[in-house]
Amino acid sequence: ITIVSEEPRQAIVVADGTALEIDHDFHSFEGLVFDSTFGADDGVIGGGSNIEFIDVEIMNAGQDCVDLRNSRDILFDSSVIHHCVGEFDPDNNPDAHGITGDSVFDLTVRDSEIYLVTGDAVQLSPSRAPWDNVLVERTTMWSGRLDLSVNGWTEGDVIGENAFDTKVGEELNGDGARPQATFRDVVAYGWRNSISNQGAFTIKEEVDFVLDRATIYDCEIGGRLRAPAQVRWQNVVMYDLDLGFRLEEGLTSPLIYNTTFGGQILTALDDDGTDPVDTTMRNVLFLADAVPALVAGDASNLAVDGSVFVDAVGHDYRLVMGSAPTDGGTELAEVTDDRLGIPRPFGAGFDIGAYEWTDQEPPTGESSGGESSTTDASGDSGAPGTSGATDGSSGSASNSGGTPVSYTHLTLPTIYSV
(Lines give C-alpha, C1' and ligand atoms only; values in the text may rest on other atoms or scores of the structure.)
Protein backbone atom coordinates (compact mmCIF):
# COMPACT_ATOMS: atom_id res chain seq x y z
CA ILE A 1 0.00 0.00 0.00
CA THR A 2 1.45 3.35 -1.05
CA ILE A 3 0.27 6.60 0.50
CA VAL A 4 1.58 9.45 -1.62
CA SER A 5 1.27 13.21 -1.57
CA GLU A 6 0.11 14.56 -4.91
CA GLU A 7 2.52 17.48 -4.40
CA PRO A 8 5.71 16.43 -2.55
CA ARG A 9 5.85 17.72 1.05
CA GLN A 10 2.46 19.43 0.72
CA ALA A 11 0.37 16.79 2.48
CA ILE A 12 0.99 17.39 6.18
CA VAL A 13 -0.16 14.99 8.87
CA VAL A 14 -0.47 17.03 12.08
CA ALA A 15 -0.80 15.44 15.52
CA ASP A 16 -0.34 16.29 19.16
CA GLY A 17 2.12 13.44 19.63
CA THR A 18 2.30 10.40 17.37
CA ALA A 19 1.57 11.31 13.74
CA LEU A 20 1.97 7.79 12.33
CA GLU A 21 1.77 4.33 13.88
CA ILE A 22 2.56 1.33 11.68
CA ASP A 23 1.16 -2.10 12.55
CA HIS A 24 1.32 -3.95 9.20
CA ASP A 25 3.80 -4.94 6.49
CA PHE A 26 4.43 -3.62 2.97
CA HIS A 27 3.63 0.08 3.26
CA SER A 28 5.28 2.98 1.47
CA PHE A 29 4.90 6.65 2.42
CA GLU A 30 5.97 9.14 -0.24
CA GLY A 31 6.24 12.92 -0.12
CA LEU A 32 4.40 13.29 3.21
CA VAL A 33 5.20 15.51 6.18
CA PHE A 34 4.61 14.17 9.71
CA ASP A 35 4.47 17.00 12.25
CA SER A 36 4.04 15.93 15.88
CA THR A 37 3.97 19.54 17.18
CA PHE A 38 6.29 18.54 20.07
CA GLY A 39 3.63 16.39 21.73
CA ALA A 40 4.95 14.12 24.48
CA ASP A 41 5.30 10.96 22.39
CA ASP A 42 7.30 9.45 19.54
CA GLY A 43 6.53 11.04 16.20
CA VAL A 44 6.49 7.85 14.10
CA ILE A 45 6.09 4.45 15.74
CA GLY A 46 7.18 1.49 13.65
CA GLY A 47 6.29 -2.16 13.45
CA GLY A 48 6.15 -4.87 10.82
CA SER A 49 8.39 -5.25 7.81
CA ASN A 50 9.01 -3.87 4.32
CA ILE A 51 8.23 -0.26 5.20
CA GLU A 52 9.50 2.62 3.04
CA PHE A 53 9.72 6.34 3.67
CA ILE A 54 10.49 8.13 0.40
CA ASP A 55 10.99 11.90 0.34
CA VAL A 56 9.27 12.38 3.69
CA GLU A 57 9.80 14.91 6.46
CA ILE A 58 9.39 13.83 10.07
CA MET A 59 9.63 16.64 12.57
CA ASN A 60 8.82 18.28 15.89
CA ALA A 61 8.66 15.24 18.14
CA GLY A 62 8.57 15.53 21.92
CA GLN A 63 10.35 12.19 22.15
CA ASP A 64 11.99 10.14 19.37
CA CYS A 65 11.16 11.31 15.88
CA VAL A 66 11.15 7.66 14.74
CA ASP A 67 10.98 4.65 17.06
CA LEU A 68 10.91 1.54 14.90
CA ARG A 69 10.31 -0.74 17.91
CA ASN A 70 10.46 -4.26 16.37
CA SER A 71 10.80 -3.91 12.62
CA ARG A 72 12.51 -5.44 9.61
CA ASP A 73 13.42 -4.22 6.11
CA ILE A 74 12.99 -0.49 6.67
CA LEU A 75 14.07 2.17 4.17
CA PHE A 76 14.42 5.94 4.54
CA ASP A 77 15.27 7.50 1.20
CA SER A 78 15.71 11.22 0.38
CA SER A 79 14.08 12.16 3.68
CA VAL A 80 14.56 14.73 6.43
CA ILE A 81 14.16 14.04 10.17
CA HIS A 82 14.57 16.96 12.53
CA HIS A 83 13.69 18.71 15.78
CA CYS A 84 13.41 15.66 18.04
CA VAL A 85 13.37 17.49 21.37
CA GLY A 86 12.67 15.74 24.66
CA GLU A 87 11.48 17.58 27.75
CA PHE A 88 14.36 19.47 29.39
CA ASP A 89 15.73 17.88 32.55
CA PRO A 90 18.83 19.47 34.11
CA ASP A 91 19.79 16.17 35.78
CA ASN A 92 19.21 13.80 32.87
CA ASN A 93 19.73 14.70 29.22
CA PRO A 94 16.56 13.61 27.38
CA ASP A 95 17.27 10.93 24.77
CA ALA A 96 15.06 12.02 21.89
CA HIS A 97 16.63 10.33 18.87
CA GLY A 98 16.21 10.82 15.16
CA ILE A 99 15.89 7.11 14.39
CA THR A 100 15.94 4.41 17.03
CA GLY A 101 14.34 1.08 17.79
CA ASP A 102 14.59 -2.10 19.81
CA SER A 103 14.86 -5.18 17.61
CA VAL A 104 15.47 -3.69 14.15
CA PHE A 105 16.90 -5.66 11.23
CA ASP A 106 17.92 -4.46 7.77
CA LEU A 107 17.56 -0.72 8.23
CA THR A 108 18.74 1.49 5.36
CA VAL A 109 18.98 5.28 5.49
CA ARG A 110 20.24 7.01 2.35
CA ASP A 111 20.35 10.44 0.75
CA SER A 112 18.83 11.92 3.88
CA GLU A 113 19.43 14.40 6.70
CA ILE A 114 18.91 14.09 10.45
CA TYR A 115 19.41 17.14 12.65
CA LEU A 116 18.64 18.93 15.91
CA VAL A 117 17.98 16.06 18.30
CA THR A 118 18.47 16.00 22.06
CA GLY A 119 19.72 12.41 21.79
CA ASP A 120 21.44 10.69 18.85
CA ALA A 121 20.75 10.98 15.15
CA VAL A 122 20.68 7.16 15.02
CA GLN A 123 20.80 4.77 17.99
CA LEU A 124 20.33 1.01 18.27
CA SER A 125 19.25 -0.48 20.64
CA PRO A 126 18.34 1.36 23.87
CA SER A 127 16.67 -1.76 25.25
CA ARG A 128 19.61 -3.94 24.10
CA ALA A 129 17.33 -6.24 22.13
CA PRO A 130 18.79 -8.14 19.13
CA TRP A 131 19.39 -6.06 15.99
CA ASP A 132 21.53 -6.28 12.84
CA ASN A 133 22.39 -4.91 9.41
CA VAL A 134 22.24 -1.12 9.55
CA LEU A 135 23.37 0.83 6.49
CA VAL A 136 23.51 4.63 6.42
CA GLU A 137 24.86 6.25 3.26
CA ARG A 138 25.02 9.69 1.67
CA THR A 139 23.43 11.16 4.77
CA THR A 140 24.22 14.20 6.93
CA MET A 141 23.77 14.12 10.71
CA TRP A 142 24.21 17.33 12.67
CA SER A 143 23.19 19.17 15.79
CA GLY A 144 23.88 22.47 17.49
CA ARG A 145 21.83 25.37 18.81
CA LEU A 146 18.06 25.22 18.91
CA ASP A 147 16.30 27.75 16.72
CA LEU A 148 13.22 27.97 18.97
CA SER A 149 12.17 27.60 22.60
CA VAL A 150 10.27 24.38 23.28
CA ASN A 151 9.79 21.66 25.90
CA GLY A 152 11.68 23.59 28.56
CA TRP A 153 14.59 24.43 26.26
CA THR A 154 15.45 28.00 25.31
CA GLU A 155 16.28 29.19 21.82
CA GLY A 156 20.06 29.05 21.46
CA ASP A 157 20.56 26.07 23.80
CA VAL A 158 22.99 23.49 22.43
CA ILE A 159 21.45 20.03 22.09
CA GLY A 160 22.51 16.61 20.89
CA GLU A 161 24.61 13.64 21.98
CA ASN A 162 26.01 11.60 19.06
CA ALA A 163 25.51 11.08 15.36
CA PHE A 164 25.52 7.31 16.01
CA ASP A 165 25.55 5.35 19.25
CA THR A 166 25.53 1.57 19.63
CA LYS A 167 24.11 -0.57 22.41
CA VAL A 168 24.16 -4.36 22.22
CA GLY A 169 22.49 -6.95 24.46
CA GLU A 170 23.54 -10.44 25.53
CA GLU A 171 21.68 -12.02 22.60
CA LEU A 172 23.76 -9.97 20.12
CA ASN A 173 21.90 -10.26 16.79
CA GLY A 174 19.81 -13.17 18.06
CA ASP A 175 21.97 -15.78 16.30
CA GLY A 176 25.06 -15.38 18.43
CA ALA A 177 26.84 -13.03 16.03
CA ARG A 178 27.75 -9.39 16.48
CA PRO A 179 25.31 -6.92 14.92
CA GLN A 180 26.80 -5.00 12.01
CA ALA A 181 26.50 -1.33 11.12
CA THR A 182 28.02 0.43 8.10
CA PHE A 183 28.08 4.18 7.52
CA ARG A 184 29.30 5.19 4.05
CA ASP A 185 29.74 8.61 2.42
CA VAL A 186 28.30 10.48 5.39
CA VAL A 187 28.89 13.85 7.06
CA ALA A 188 28.66 14.52 10.82
CA TYR A 189 29.12 17.89 12.49
CA GLY A 190 28.03 20.02 15.44
CA TRP A 191 28.27 17.29 18.11
CA ARG A 192 29.93 19.31 20.90
CA ASN A 193 29.25 21.40 24.00
CA SER A 194 26.15 19.47 25.07
CA ILE A 195 27.46 16.52 27.12
CA SER A 196 30.92 15.47 28.30
CA ASN A 197 33.06 13.22 26.08
CA GLN A 198 30.69 13.85 23.20
CA GLY A 199 31.64 11.77 20.17
CA ALA A 200 30.24 12.09 16.69
CA PHE A 201 30.47 8.30 16.51
CA THR A 202 30.25 6.52 19.87
CA ILE A 203 30.88 2.86 19.14
CA LYS A 204 30.76 0.46 22.05
CA GLU A 205 29.79 -3.04 23.17
CA GLU A 206 29.80 -6.10 20.87
CA VAL A 207 29.25 -4.46 17.49
CA ASP A 208 31.07 -4.67 14.16
CA PHE A 209 31.23 -1.12 12.80
CA VAL A 210 32.58 0.20 9.50
CA LEU A 211 32.87 3.91 8.70
CA ASP A 212 33.93 4.46 5.09
CA ARG A 213 34.15 7.79 3.22
CA ALA A 214 33.07 10.24 5.86
CA THR A 215 33.70 13.82 6.94
CA ILE A 216 33.61 14.77 10.62
CA TYR A 217 34.09 18.33 11.85
CA ASP A 218 33.02 20.82 14.52
CA CYS A 219 32.75 18.05 17.15
CA GLU A 220 34.26 17.41 20.55
CA ILE A 221 35.43 13.88 19.62
CA GLY A 222 35.47 12.36 16.16
CA GLY A 223 35.37 8.73 17.29
CA ARG A 224 34.75 7.52 20.83
CA LEU A 225 35.59 3.83 20.51
CA ARG A 226 35.15 1.41 23.40
CA ALA A 227 35.97 -2.28 23.84
CA PRO A 228 34.74 -4.83 22.92
CA ALA A 229 33.57 -3.10 19.72
CA GLN A 230 35.35 -4.00 16.48
CA VAL A 231 35.92 -0.96 14.29
CA ARG A 232 37.21 -0.32 10.77
CA TRP A 233 37.51 3.38 9.98
CA GLN A 234 38.71 4.42 6.51
CA ASN A 235 38.66 7.26 3.98
CA VAL A 236 37.65 9.71 6.70
CA VAL A 237 38.40 13.45 6.79
CA MET A 238 38.48 14.96 10.28
CA TYR A 239 39.03 18.57 11.33
CA ASP A 240 37.98 21.15 13.94
CA LEU A 241 37.86 18.65 16.81
CA ASP A 242 38.94 18.75 20.43
CA LEU A 243 40.00 15.11 20.09
CA GLY A 244 40.26 12.84 17.06
CA PHE A 245 39.86 9.50 18.84
CA ARG A 246 39.17 8.55 22.44
CA LEU A 247 40.05 4.86 22.88
CA GLU A 248 38.34 3.31 25.90
CA GLU A 249 38.43 0.22 28.10
CA GLY A 250 41.36 -1.49 26.40
CA LEU A 251 39.92 -1.34 22.89
CA THR A 252 41.76 -3.98 20.85
CA SER A 253 43.04 -3.35 17.31
CA PRO A 254 40.77 -0.67 15.90
CA LEU A 255 41.65 -0.46 12.21
CA ILE A 256 42.21 3.15 11.18
CA TYR A 257 43.04 3.33 7.46
CA ASN A 258 43.57 6.18 4.99
CA THR A 259 42.29 8.92 7.26
CA THR A 260 43.24 12.59 7.13
CA PHE A 261 43.61 14.56 10.37
CA GLY A 262 43.21 18.14 9.16
CA GLY A 263 43.47 21.47 10.89
CA GLN A 264 42.10 22.63 14.24
CA ILE A 265 42.44 19.26 15.98
CA LEU A 266 43.71 19.85 19.52
CA THR A 267 44.67 16.21 20.20
CA ALA A 268 44.73 13.40 17.66
CA LEU A 269 44.63 10.33 19.93
CA ASP A 270 43.96 9.69 23.59
CA ASP A 271 42.84 6.82 25.80
CA ASP A 272 40.93 6.62 29.04
CA GLY A 273 43.93 5.39 31.03
CA THR A 274 42.75 1.78 31.46
CA ASP A 275 44.37 -1.15 29.64
CA PRO A 276 46.94 -0.73 26.84
CA VAL A 277 45.35 -0.16 23.44
CA ASP A 278 46.63 -1.88 20.30
CA THR A 279 45.80 0.58 17.54
CA THR A 280 46.42 -0.34 13.90
CA MET A 281 46.87 2.76 11.76
CA ARG A 282 47.90 2.63 8.11
CA ASN A 283 48.14 5.41 5.52
CA VAL A 284 47.04 8.08 7.99
CA LEU A 285 47.90 11.69 7.23
CA PHE A 286 48.39 14.29 9.96
CA LEU A 287 48.46 18.04 9.38
CA ALA A 288 50.91 18.37 12.27
CA ASP A 289 54.57 18.62 13.17
CA ALA A 290 54.83 14.92 14.02
CA VAL A 291 52.92 11.65 13.93
CA PRO A 292 51.43 10.81 17.36
CA ALA A 293 53.71 8.54 19.38
CA LEU A 294 51.05 5.81 19.63
CA VAL A 295 51.25 5.14 15.87
CA ALA A 296 54.63 6.61 14.92
CA GLY A 297 56.14 3.16 14.34
CA ASP A 298 54.38 2.63 11.00
CA ALA A 299 56.12 4.32 8.06
CA SER A 300 52.84 4.64 6.14
CA ASN A 301 51.64 7.30 8.59
CA LEU A 302 52.88 10.76 7.71
CA ALA A 303 52.94 14.25 9.23
CA VAL A 304 52.81 17.09 6.70
CA ASP A 305 52.29 20.83 6.40
CA GLY A 306 49.46 22.50 4.51
CA SER A 307 51.33 22.68 1.22
CA VAL A 308 50.39 19.09 0.28
CA PHE A 309 46.68 19.96 0.23
CA VAL A 310 44.61 21.86 -2.31
CA ASP A 311 43.42 24.32 0.38
CA ALA A 312 44.21 23.39 3.97
CA VAL A 313 42.86 26.70 5.30
CA GLY A 314 39.53 26.03 3.58
CA HIS A 315 39.57 22.38 4.73
CA ASP A 316 39.94 20.99 1.22
CA TYR A 317 42.29 18.09 1.95
CA ARG A 318 42.61 16.71 -1.54
CA LEU A 319 46.23 16.16 -2.45
CA VAL A 320 48.41 18.33 -4.67
CA MET A 321 49.92 16.45 -7.61
CA GLY A 322 53.35 15.06 -6.76
CA SER A 323 53.14 15.85 -3.03
CA ALA A 324 54.76 13.56 -0.47
CA PRO A 325 51.62 11.50 0.38
CA THR A 326 51.10 10.40 -3.26
CA ASP A 327 52.09 6.78 -3.91
CA GLY A 328 53.63 6.61 -0.43
CA GLY A 329 51.12 4.36 1.31
CA THR A 330 50.70 0.66 1.99
CA GLU A 331 48.32 -1.42 -0.12
CA LEU A 332 45.22 -2.36 1.91
CA ALA A 333 42.78 -4.96 0.60
CA GLU A 334 39.85 -3.44 2.50
CA VAL A 335 40.32 0.04 1.02
CA THR A 336 39.22 -0.16 -2.60
CA ASP A 337 38.45 3.53 -3.18
CA ASP A 338 38.96 6.96 -1.60
CA ARG A 339 36.76 9.57 0.07
CA LEU A 340 35.22 10.52 -3.28
CA GLY A 341 34.88 6.99 -4.63
CA ILE A 342 38.01 7.15 -6.81
CA PRO A 343 39.44 3.61 -7.15
CA ARG A 344 42.70 2.95 -5.28
CA PRO A 345 45.44 3.00 -6.30
CA PHE A 346 45.50 5.70 -8.96
CA GLY A 347 49.11 5.64 -10.03
CA ALA A 348 52.06 3.60 -8.79
CA GLY A 349 50.75 2.99 -5.28
CA PHE A 350 48.28 3.89 -2.54
CA ASP A 351 48.27 7.51 -1.48
CA ILE A 352 48.34 8.41 2.21
CA GLY A 353 45.23 10.04 3.63
CA ALA A 354 41.55 10.05 2.73
CA TYR A 355 42.04 11.19 -0.87
CA GLU A 356 43.77 9.50 -3.78
CA TRP A 357 45.31 12.06 -6.11
CA THR A 358 43.67 11.87 -9.52
CA ASP A 359 42.97 13.95 -12.58
CA GLN A 360 39.58 12.26 -13.00
CA GLU A 361 36.17 13.39 -11.84
CA PRO A 362 34.65 11.46 -8.89
CA PRO A 363 31.74 9.11 -9.55
CA THR A 364 28.34 10.78 -9.89
CA GLY A 365 26.54 11.35 -6.61
CA GLU A 366 29.57 11.28 -4.32
CA SER A 367 29.90 14.10 -1.81
CA SER A 368 32.89 16.42 -1.87
CA GLY A 369 33.99 15.51 1.64
CA GLY A 370 33.61 19.02 3.01
CA GLU A 371 29.91 19.56 2.51
CA SER A 372 26.85 17.38 2.39
CA SER A 373 25.59 15.90 -0.85
CA THR A 374 22.21 15.28 0.69
CA THR A 375 19.17 17.30 1.62
CA ASP A 376 19.46 20.69 3.23
CA ALA A 377 17.48 22.10 6.11
CA SER A 378 14.71 23.18 3.79
CA GLY A 379 14.21 19.62 2.60
CA ASP A 380 15.47 20.22 -0.95
CA SER A 381 17.25 17.15 -2.20
CA GLY A 382 20.71 17.68 -3.62
CA ALA A 383 21.52 14.09 -4.52
CA PRO A 384 19.56 11.43 -6.37
CA GLY A 385 18.05 8.54 -4.49
CA THR A 386 16.40 5.36 -5.64
CA SER A 387 13.45 3.69 -4.05
CA GLY A 388 13.00 0.00 -3.38
CA ALA A 389 10.77 -2.62 -4.92
CA THR A 390 7.60 -1.47 -3.22
CA ASP A 391 7.70 2.23 -3.99
CA GLY A 392 4.51 2.24 -6.00
CA SER A 393 6.22 3.07 -9.29
CA SER A 394 4.54 0.13 -10.95
CA GLY A 395 1.07 -1.25 -10.66
CA SER A 396 2.00 -4.37 -8.77
CA ALA A 397 4.93 -6.21 -7.24
CA SER A 398 5.54 -9.43 -5.39
CA ASN A 399 5.94 -9.85 -1.68
CA SER A 400 8.21 -12.47 -0.11
CA GLY A 401 5.64 -15.15 -0.79
CA GLY A 402 5.34 -14.32 -4.48
CA THR A 403 1.76 -13.03 -4.25
CA PRO A 404 1.04 -9.91 -6.36
CA VAL A 405 0.55 -6.79 -4.27
CA SER A 406 -1.79 -4.12 -5.62
CA TYR A 407 -1.00 -0.55 -4.65
CA THR A 408 -3.60 1.91 -3.50
CA HIS A 409 -2.66 5.54 -4.13
CA LEU A 410 -4.31 8.01 -1.77
CA THR A 411 -4.18 11.76 -2.27
CA LEU A 412 -4.33 13.49 1.10
CA PRO A 413 -5.65 16.99 1.61
CA THR A 414 -3.15 19.76 2.28
CA ILE A 415 -3.65 19.47 6.06
CA TYR A 416 -4.88 16.24 7.59
CA SER A 417 -5.39 16.78 11.32
CA VAL A 418 -5.37 13.76 13.59
Give me the residue from region 274-290 that is open to solvent by 60 Å² or more (accessible area, probe 1.4 Å) and under 24 Å from Pro228 (Cα atoms) and, out of that set, modelled with the lowest pLDDT. Pro276
Residue pairs within 6 Å by beta carbon, gap of at least six or interchain, first lying in region 226-238 and farther than 26 Å from Arg344 by Cβ and in a strand (DSSP E or B), second open to solvent by less than 10 Å² (accessible area, probe 1.4 Å) and not small (Gly, Ala, Ser), listed first then second, are Arg226/Glu248
Checked pairs for region 178-193, first surrounded by 24 or more Cβ atoms within 10 Å (Cβ to Cβ), second in a strand (DSSP E or B) and among the basic types (Lys, Arg), C-beta under 7 Å and 6 or more apart or across chains, list as Asp185/Arg213
Only unsatisfied item for Ala296, checking (1) hydrophobic (A, V, I, L, M, F, W, C); (2) out of contact with any Phe, Trp or Tyr (no Cβ under 7 Å at 6 or more places or on another chain); (3) touching a residue at least 12 places away in the same chain (Cβ under 8 Å), is (3)
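Could you say whether any residue in region 114-127 is β-branched (Val, Ile, Thr) and more than 20 Å from Phe34 (Cα to Cα)?
No, region 114-127 has no match at all.
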Does Arg110 count as under 30 Å from Pro8 (Cα atoms), of a type outside the set (Gly, Ala, Ser) and surrounded by fewer than 24 Cβ atoms within 10 Å (Cβ to Cβ)? yes
Filtering region 14-49 down to residues that are open to solvent by less than 10 Å² (accessible area, probe 1.4 Å), in contact (Cβ under 8 Å) with a residue 40 or more places away in the chain and assigned to a strand (DSSP E or B) yields Ser28, Leu32
The one condition Phe350 fails out of (1) under 20 Å from Gly222 (Cβ atoms); (2) of a type in the set (A, V, I, L, M, F, W, C); (3) surrounded by 13 or more Cβ atoms within 10 Å (Cβ to Cβ) is (1)
Subset tally (residues that are farther than 12 Å from Ser36 by Cα and outside any strand (DSSP E or B)) for region 51-88: 9
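Going by the structure shown, is Ile54 touching an Asp or Glu at 6+ places or on another chain (Cβ under 6 Å) and either open to solvent by less than 10 Å² (accessible area, probe 1.4 Å) or within 19 Å of Glu137 (Cα to Cα) (or both)?
Judged against the criteria, Ile54 is a match.
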Reported set for region 130-148 where residues are closer than 18 Å to Gly101 by Cα and in a strand (DSSP E or B) is Asp132, Asn133, Val134, Leu135, Val136, Met141
Note on Pro90: of the conditions (1) free of Cβ contacts under 8 Å to residues at least 40 places away in the same chain; (2) under 15 Å from the mean Cα position of the chain (by Cα), unmet is (2)
Matching residues in region 256-266 - criterion: being assigned to a strand (DSSP E or B), without any contact (Cβ under 8 Å) to a residue 60 or more places away in the chain and crowded, with 24+ Cβ neighbours inside 10 Å: Ile256, Phe261
With Ser253, Ser300 as the choices, which residue is in a loop (DSSP other than H, G, I, E, B) and either in contact with a Ser or Thr (Cβ under 8 Å, 6 or more places away or on another chain) or open to solvent by 10 Å² or more (accessible area, probe 1.4 Å) (or both)? Ser300
Under 7 Å between Cβ atoms, which residue pairs at least 6 apart in sequence (or on different chains) link something in region 96-107 that is under 13 Å from Phe164 (Cβ atoms) and at pLDDT 95 or above with a partner that is among the small types (Gly, Ala, Ser) and part of a strand (DSSP E or B)? Gly98/Ala121
From (1) on the phi > 0 side of the Ramachandran plot; (2) in contact (Cβ under 8 Å) with a residue 24 or more places away in the chain; (3) surrounded by fewer than 19 Cβ atoms within 10 Å (Cβ to Cβ), pick out the condition that doesn't hold for Asp73. (3)
In region 154-176, which residues are farther than 28 Å from Thr215 by Cβ and open to solvent by less than 40 Å² (accessible area, probe 1.4 Å)? Gly169, Leu172, Asn173
Within region 303-329, restricting to residues that are in contact (Cβ under 8 Å) with a residue 60 or more places away in the chain and under 21 Å from Phe245 (Cα atoms), the one that is most open to solvent (accessible area, probe 1.4 Å) is His315
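The values are calculated or read from the model by the stated rules, or taken from the named source; none is laboratory data. Since the structure is predicted, the reported quantities are computational estimates derived from the model, not experimental observations. FYI the Cβ positions are ideal-geometry reconstructions off the backbone, even for glycines, and counts take in every protein chain you see. For accessibility, only protein heavy atoms count, side chains too; no ligands or nucleic acids. Shrake-Rupley method; radii C 1.70, N 1.55, O 1.52, S 1.80 Å.
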